[in-house]
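Below: the structure, in structure tokens.
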Amino acid sequence: MNNQQNNKNDKNDKDNKKKNAKILAIFLIVSILGTFFFNSILTKWSNGTEKTISYNKFVTMLDKDQVKSVKVTDSQLKVTPKNEGNPFYKTTYTVQRISGDYELVNRLIKSKIAFEQEPEDPMDTFLSILISLIPTIVIFGFLVMMMRRSSGMMGVGKSNAKVYVEKKTGVTFADVAGQGEAKETLTEMVDFLHHPERYTEIGAKLPKGALLVGPPGTGKTLLAKAVAGEAGVPFFSLSGSDFVEMFVGVGASRVRDLFKQAQQMAPCIIFIDEIDAIGKSRDNGMHGGGNDEREQTLNALLAEMDGFDTSKGIIILAATNRPEVLDKALLRPGRFDRRVIVERPDLKGRIETLKVHAKDVKMDETVDFEEIALATSGAVGSDLANMINEAAINAVKKGRNVVSQADLFEAVEVVLVGKEKKDRIMSQKERRIVSYHEVGHALVTALQKDAEPVQKITIVPRTMGALGYVMQTPEEEKFLNTKAELEAMLVTALAGRAAEELVFDTVTTGASNDIEQATKIARAMVTQYGMSEKFGLIGLESIQNRYLDGRAVMNCGEATAAEIDQEVMKMLKGAYAEAKRMLSEHRETMDQIAGFLIEKETITGKEFMKIYRRCEGIPEPEEKKEENPVKEQTIEMPKKEADTEAAQQEEKETQKKAERDEDGFILPQKRD
């Protein structure tokens, strides 16, 4: 196999030399033509319009004072007239001298014009030839330099991979958190490089490669650098797009050159990021044929991965978030022996990731990474790193030198829903609508046992478009959702719209995102989870690009799709009716919480539950006694003066005959 591969490489090198010779010949012809064109323009500009006239006409021009200057040579006269036709071109006349004309000098002196003797120097001819060749040399050199810079001609196929010659990437497994299984798999490969004899004694072989698969931001590139940092070997790093060029054959030649360099520096690690740029399947009809540049590059990569000797200690690592589009030949054992799944970290992984990114950040004693990890379910490593950085920036803005738990929660909100829009001022009516909308979500959440508890409610607009939102934090990490939990999600999502209709007898555009999310959940219940009584256990959709957008594709006909829409609509109508029923039965509680939210703008989950229990007559749960108990602070309802008579009337209508208890809470109203 190695001999065949070497013969193939020699043949390809010979073909490249022939191509280089042809390119050189083309460059030379282009340079000569360019020089000819350049010299013709330069000559026309420097010499202008040059005409040959008779000696009699020259004498006549002298007599009429039409000559400006004369240059005298041994064989001819170069006459420059006074009145030039075109000021941009120099007009000259050439006159052949007559032998025996000894009166020429006297005539020139008598005419009072400038004249001079111009000796003929043989060096002038040499200089003129040299000057005419300079453009040829410059044009040819420029074309060669540009071709080399674009990896063409002499540099065709040269790999431009970044090589960490110092054998230090600055990253180790200690810098990677939340990916325990992936680290364990890659640690075995590192150990093989350090102690190959332990594996060869039993007959084991070094895996040729590992494919890192996972969503963006989970740390695939970081893991590859950590492998190189732990192994202490040269690390070749490049992207799949680096192989793709305009010239056919360049990518394949770069692949061969990359593996040639790797064999010279073995043991080493080759890392190809975004390998789907060159590794797309060849049977999907997307490529034109056998001469396609991408396909040639893939064929060269397949041949090289089969041909190199694993005993030299060359490991290939590749990363992608689209494994479904890769060619089957690339994924088979013998090329990529292992597929390492780099998933979104779980609760424990998020806690570890937060600790890694916070090791150089000053934190105070209030910081609890577990609470932050619970609030960031589904976040990847890059998201968590961004949250830590945003929290540190926020602490500096507030004049503190340490990061607190409040800074971290605010950073979570900035990443999820954007910054607060302090310059957006809503009218009193819009504030009431948004308040009831968000309280509708929160109240239905509290009334359902399968819903996640509320962390925060706010009606402060955010930069990502939200006029208000309810933050929910799970009490524990979940990997499965029951049908009851999904139905509770539907009711909670539609509760905001239900509150609007119940209180204001109209609806607004504020529920657009809620409707979108509820529709997505209901459709998944019908088409993917088998939770519909009508369709039962049949898969009607399949997921494409699982690690990217997770788009679902229908696997049924148009008639079935129409029935699916009807079933989804039925589920959403049922959830909406349930939300309206729950809110109407607890209308007084909703009014009290909405009034408190309008005045405070933002309330915590603890404040919300305290008001909810007071209004519903539910006793407060017993709290664990601490060694240094802190006196409980009561929530005071701030008084707000209306700016106009209309606002005062509206306030009276919403809080008519309002009575407050000793802690400042509005007591439930007796309805007529």
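For the range 574-588, does any single residue satisfy the condition of being under 30 Å from Ser427 (Cα atoms), assigned to a loop (DSSP other than H, G, I, E, B) and modelled with pLDDT under 90?
No, because not a single residue in the range 574-588 is under 30 Å from Ser427 (Cα atoms), assigned to a loop (DSSP other than H, G, I, E, B) and modelled with pLDDT under 90.
May I ask you to verify whether Ile433 is part of a loop (DSSP other than H, G, I, E, B) and more than 32 Å from the chain's Cα centre (by Cα)?
Answer is no for this residue.
Open to solvent by less than 10 Å² (accessible area, probe 1.4 Å) and farther than 25 Å from Ile611 by Cβ - does that describe any residue in the range 480-492?
yes
Give just the number: which of (1) within 21 Å of the chain's Cα centre (by Cα); (2) on the phi > 0 side of the Ramachandran plot; (3) open to solvent by 40 Å² or more (accessible area, probe 1.4 Å) does Gly399 not satisfy?
So Gly399 meets the others, but not (1).
For the range 237-256, indicate whether the set of residues that are open to solvent by 10 Å² or more (accessible area, probe 1.4 Å), over 26 Å from the mean Cα position of the chain (by Cα) and closer than 23 Å to Arg339 by Cα is non-empty.
Checked the range 237-256: no residue is open to solvent by 10 Å² or more (accessible area, probe 1.4 Å), over 26 Å from the mean Cα position of the chain (by Cα) and closer than 23 Å to Arg339 by Cα.
Kindly indicate whether any position in the range 246-257 is at pLDDT 75 or above and among the hydroxyl-bearing types (Ser, Thr, Tyr).
yes
Look through the range 526-551, keep the residues that are open to solvent by less than 40 Å² (accessible area, probe 1.4 Å) and either more than 24 Å from Glu485 (Cβ to Cβ) or in contact with a strand residue (DSSP E or B) (Cβ under 6 Å, 6 or more places away or on another chain) (or both), and return whichever of them is modelled with the highest pLDDT.
Among those residues, the one meeting the criterion is Thr527.
Taking the stated definitions as given, is Ser435 polar (S, T, N, Q) and modelled with pLDDT of 90 or more?
Values: polar (S, T, N, Q): yes; modelled with pLDDT of 90 or more: yes.
Answer is yes for this residue.
What is the one condition in (1) at pLDDT 80 or above; (2) open to solvent by 40 Å² or more (accessible area, probe 1.4 Å); (3) touching a Lys or Arg at 6+ places or on another chain (Cβ under 8 Å) that Asp276 does not satisfy?
Among (1) at pLDDT 80 or above; (2) open to solvent by 40 Å² or more (accessible area, probe 1.4 Å); (3) touching a Lys or Arg at 6+ places or on another chain (Cβ under 8 Å), the lone unmet condition for Asp276 is (2).
Failed condition for Asn56, given (1) open to solvent by 80 Å² or more (accessible area, probe 1.4 Å); (2) modelled with pLDDT under 75, with all others met?
Failing condition for Asn56: (2).
The values are calculated or read from the model by the stated rules, or taken from the named source; none is laboratory data. The shown structure was predicted, so the numbers you read here are calculated from the model rather than taken from an experiment. Glycine gets a Cβ as well: all are built from the backbone with ideal geometry, and neighbour counts include every protein chain shown. Just so you know, the surface numbers come from the protein's heavy atoms only, side chains and all, with ligands and any DNA or RNA stripped out. Shrake-Rupley method; radii C 1.70, N 1.55, O 1.52, S 1.80 Å.
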